[in-house]
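Worksheet: the structure to be examined is printed underneath.
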Amino acid sequence: MSGMIEDYALLSDLRTAALVGRDGSIDWLCLPRFDSASCFSRLLGDEGDGHWKIAPTGVREVHRRYRDASMVLETDFHTDGGVLRLTDFMPPHEINQDDQPCVVRIAECLSGEIDLEMRWVLRFAYADSMPWVRHVRADAPVLDEYVLAIAGPHTVVLRGDELPHPSPNERAHELTTHLSAGQRMSWVMQWASDPDDLPRPMAPVQELQECADYWLGWSSKIDYEGPHASEVRRSLATLKALTYSPTGGIIAAPTTSLPEAIPGNRNWDYRYCWLRDATLVLLAFDDFGCTSEAAAWRLWLLRAVAGDPADLQIMYGVGGERHLVEWEVDWLEGYQGNGPVRVGNAAYRQTQLDVFGEVMDALHLARERSLPESEESWALQRGMLRHLEKIWQQPDKGLWEVRGPDRHFTHSRVMIWVAFDRAVRAAEEDGLPGPVERWRELRHAVHAEVLEHAWNPEIGAFTQYYGGETLDAATLLIPAVGFLSGDDERVRSTVEVIGRELQRGVLVDRYSTTESTNEIDGLVGREGAFLACSFWMVDALVYTGRRQEAEKMFTELLEMANDVGLYAEEFDDVSSRFTGNFPQAFSHLALVNSAAVLYGGRTREQKSRRGTSHQIKTKHP
């Protein structure tokens, strides 16, 4: 059985990712892309569904960390006889563009003596395909010995100082060896796109240094020296690790079907590029000086949404693919027996009007940060606005992708206002052409409508949707996007009511999932607290003048990260464990944004995106 979600660490080569448990087992890996079929699927099944474990026998303690600000993972296993360090990493695509994805594992005995065991179980196609595995020894042009695994279009090569051999039942490959202090062994597992053209052998120690140097160089761009710098830098590195380097797309998470509650059926595939998530990640990067991602993301956006703006989707594949058909992998039992396991995501067909505002906001910020506006990019934005003018009065599925009926969700309406507001400002501040008077009229109309229909004076809060009584943590974002200022009475009251009704300790539910509100999202069962919402509460407390409370809450939220600084989508306060897909971009970007709001990032130097000069103050009608 797989470990607890919080027991995993992330490896990434900026094309795909692996999850490594505290026990030294890689339980999840998709090759060759984030959204490809998995070859290690123990995370969603059992040991026979694929994993790669390296660990000494008789482990008493485990300590692990990422090396500096890199994605190089070091795990120290303490035994009665000695200490073994296992170093895991994936050479980044940006420095190995001609190479296929690979995982490098180096085991070094730091003291004493240890007995080391390896178990390698490879299963392609989400554990549905057992490969043909054979040992190969080539003498020319150089000596090369490796294990070759092939199944249809899938080919993997495993090289190492010692190679594992078939177990008695031939369902695994195993190795037992002995190491003394100072001895080291290494293994490299490489994906091959062509079985007749295998990737070259690699020098693990050299690759390790190059990988560490790459991440050190990237992290040196981060412009932040405020409080909790290590946590902020770890979150930014995690967001970078979720970037698909060949196109600039940014995935929501590298996993599928990790349940939002145990037991429960809220299991979704997050290995795709949501416009909303990717946009907010871009803003988080830019807040701390990582501006090169902005240009790459804009190019990905132009490619992904090319064509009629009416065909705009909320999400795409990492290469810009449009069809993400959802289906169930019925031969995998699911994480710790909690199915179903889903591949694809039917939400790609949903209408979520808030994405127009998020995209316009990100591109507005890119202009402010000196990324020249291109003719193609502005044409795309003009097309999006023309389409939004036609559909903005329609209901939608909202930020939370409900599978219940369409509604006029307050957050969506606020982000429609953001779209027209940023269009007006593009004309006024950047001199870009467009029907600015019509945009002003629409901005005013949307603003007035939200104040009239989303505010519930009896509850004392903005509600989840027009005319409703349900609360929604997304309304905490109202002051952050400049729709109303933090000192507006309605904003203050909304923050207080949400804190009273949706908050437990530092955890904030995104909305109530009791039986009476299941009709909203169309699903059954409860879920954990959505971690991004807790960070949104931190921001809202700052905007409403409650800074001391915000700092205390932020510090407590940082303490909830796992031992290597990672967050899942949600946290279940009943079982005190992470739930949902992992690691979750939304959680990490909310963390770094809260750091910018609290302690200053580049957004605080230029306040025009979300600053007070553009916030609208109104009195109660």
Might you check whether a residue that is in the same structural domain as residue 594 (by TED's automatic domain parsing), within 25 Å of residue 421 (Cβ to Cβ) and surrounded by fewer than 18 Cβ atoms within 10 Å (Cβ to Cβ) occurs anywhere in segment 278-292? yes
Matching residues, segment 467-502, being part of a loop (DSSP other than H, G, I, E, B) and out of contact with any helix residue (DSSP H, G or I) (no Cβ under 8 Å at 6 or more places or on another chain): 468, 469, 487, 488
Taking segment 335-350 on its own, how many of its residues are in contact with a helix residue (DSSP H, G or I) (Cβ under 8 Å, 6 or more places away or on another chain) and surrounded by fewer than 21 Cβ atoms within 10 Å (Cβ to Cβ)? 1
Hey, residue 491 hits all of (1) closer than 25 Å to residue 401 by Cα; (2) surrounded by fewer than 22 Cβ atoms within 10 Å (Cβ to Cβ) but one; which does it fall short on? (2)
For segment 201-225, the count of residues that are in contact (Cβ under 8 Å) with a residue 40 or more places away in the chain and of a type in the set (Gly, Ala, Ser) equals 2
Scanning segment 363-402 for residues that are on the phi < 0 side of the Ramachandran plot, among the polar types (S, T, N, Q) and surrounded by fewer than 17 Cβ atoms within 10 Å (Cβ to Cβ) gives 374, 393, 394
For segment 52-73, what are the residues that are among the hydroxyl-bearing types (Ser, Thr, Tyr) and surrounded by 14 or more Cβ atoms within 10 Å (Cβ to Cβ)? 66, 70
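Residue-by-condition table, conditions (1) surrounded by 23 or more Cβ atoms within 10 Å (Cβ to Cβ); (2) more than 15 Å from residue 386 (Cα to Cα); (3) in contact with a Lys or Arg (Cβ under 9 Å, 6 or more places away or on another chain):
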| residue | (1), (2), (3) |
| --- | --- |
| 438 | no, no, no |
| 452 | no, yes, no |
| 459 | no, yes, no |
| 464 | yes, yes, yes |
| 469 | no, yes, no |
| 472 | yes, yes, yes |
If only one of 298, 303 is modelled with pLDDT under 90, in contact with a Gly (Cβ under 6 Å, 6 or more places away or on another chain), of a type outside the set (A, V, I, L, M) and assigned by TED's automatic domain parsing to the domain that holds residue 409, which one is it? 303
Taking the condition of being in contact with a helix residue (DSSP H, G or I) (Cβ under 9 Å, 6 or more places away or on another chain) and either free of Cβ contacts under 8 Å to residues at least 40 places away in the same chain or over 12 Å from residue 157 (Cβ atoms) (or both), how many residues in segment 178-200 meet it? 2
Within segment 531-552, the count of residues that are buried (at least 17 other Cβ atoms within 10 Å of the Cβ) and either under 22 Å from the mean Cα position of the chain (by Cα) or assigned to a loop (DSSP other than H, G, I, E, B) (or both) comes to 11
Is it the case that segment 555-566 has a residue that's touching a residue at least 60 places away in the same chain (Cβ under 8 Å), under 17 Å from the mean Cα position of the chain (by Cα), crowded, with 24+ Cβ neighbours inside 10 Å and over 30 Å from residue 366 (Cβ atoms)? no
Quick one: would you say residue 254 is at pLDDT 95 or above and either out of contact with any helix residue (DSSP H, G or I) (no Cβ under 6 Å at 6 or more places or on another chain) or outside the structural domain of residue 369 (by TED's automatic domain parsing) (or both)? yes
Just checking: which of the helices (runs of 4 or more DSSP H) contained wholly in segment 332-432 hold 1 or more residues that are in the same structural domain as residue 461 (by TED's automatic domain parsing), at pLDDT below 90 and over 28 Å from the mean Cα position of the chain (by Cα)? 375-391
Quick one: residue 141 ticks every box in (1) under 23 Å from residue 11 (Cα atoms); (2) modelled with pLDDT under 95; (3) not basic (Lys, Arg) bar one, so which box is it? (1)
Test: residue 310 is more than 24 Å from residue 593 (Cβ to Cβ), in contact (Cβ under 8 Å) with a residue 40 or more places away in the chain and either assigned by TED's automatic domain parsing to the domain that holds residue 242 or assigned to a helix (DSSP H, G or I) (or both): yes
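Yes/no matrix, rows are residues, columns are (1) in a helix (DSSP H, G or I); (2) out of contact with any Lys or Arg (no Cβ under 8 Å at 6 or more places or on another chain); (3) free of Cβ contacts under 8 Å to residues at least 12 places away in the same chain:
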| position | (1), (2), (3) |
| --- | --- |
| 233 | yes, yes, no |
| 236 | yes, yes, no |
| 240 | yes, yes, no |
| 246 | no, no, no |
| 260 | no, no, no |
| 265 | no, yes, no |
| 282 | yes, yes, no |
Any idea which residue in segment 162-181 is surrounded by the fewest Cβ atoms within 10 Å (Cβ to Cβ), counting only those that are under 35 Å from the mean Cα position of the chain (by Cα) and at pLDDT 95 or above? 174
Just one of 406, 396, 430 is in contact (Cβ under 8 Å) with a residue 40 or more places away in the chain, acidic (Asp, Glu) and under 27 Å from residue 294 (Cα atoms); which is it? 430
Being hydroxyl-bearing (Ser, Thr, Tyr) and in contact with a Pro (Cβ under 7 Å, 6 or more places away or on another chain) is the filter here, so list the residues in segment 329-349 that pass it. 335
Those residues that are within 34 Å of the chain's Cα centre (by Cα) and not aromatic (Phe, Trp, Tyr), I need them from segment 444-455; list them, please. 446, 447, 449, 450, 451, 453, 454
Evaluate the following for residue 496: is it touching a Gly at 6+ places or on another chain (Cβ under 7 Å), modelled with pLDDT of 95 or more and among the acidic types (Asp, Glu)? no
Sole exception among (1) under 23 Å from residue 159 (Cβ atoms); (2) part of a loop (DSSP other than H, G, I, E, B) for residue 3, by number: (1)
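The values are calculated or read from the model by the stated rules, or taken from the named source; none is laboratory data. In this text, all values refer to a predicted model and were calculated from it rather than measured experimentally. Note that each Cβ is placed from the backbone with ideal geometry, even for glycine, and that neighbours are counted across all protein chains shown.
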